[in-house]
Amino acid sequence: MVSADYRLQAQALGDCDGWLDTCAVDFNIMFVLGDSSGANITHHLAVKLQAGSAALMAPVRVRGYVLLAPFFGGVVRTRSEKGPSEAVLSLEILDRFWRLSLPADETRDHPIAKSFGLMSLRLGAQ
């Protein structure tokens, strides 16, 4: 299992290489997992690495992707986004996150946020 995450800066690049050397890792049965914005990253990785790109990852063979509470959005609010105003993540905070994450002059309908919208690449099944 590989967990998609991000860092604010490079820290100990390759820090997992030594650990991998000590483990019996079967690269033929890998799963990629992401939580919240990590699930968004995992989704976009799945889109980029779908059928036809397996050779790019050899000897790793990704067998599946796990998206935990993915942080997706769009211009039209979901029922969850319209939730109680006292929620920890208010609409104001969520909108700020998207403004900081999206390219300038883009809306929440950009494929980075709305992964299943009209402008998004399709994720094929194998």
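Any idea how far apart residue 104 and residue 22 come out in nm if each label point goes 7 Å out from Cα toward Cβ?
Going by the 7 Å Cα→Cβ label model, 4.7 nm.
Work through the residues other than residue 109 whose Cβ is under 15 Å from its Cβ and net out their charges, Lys, Arg +1 and Asp, Glu -1.
Charge balance near residue 109 sits at 0.
Rank by packing, highest mean first: peptides 62-69, 76-83, with packing defined as the count of other Cβ atoms within 10 Å averaged across residues.
62-69, 76-83
No value in this document is a laboratory result; all are computed from the given coordinates. Computed from a prediction, not measured in an experiment: that's the story for all the values here. Using ideal geometry, Cβ is built from the backbone for each residue, glycine included, and neighbour counts are taken over all protein chains shown.
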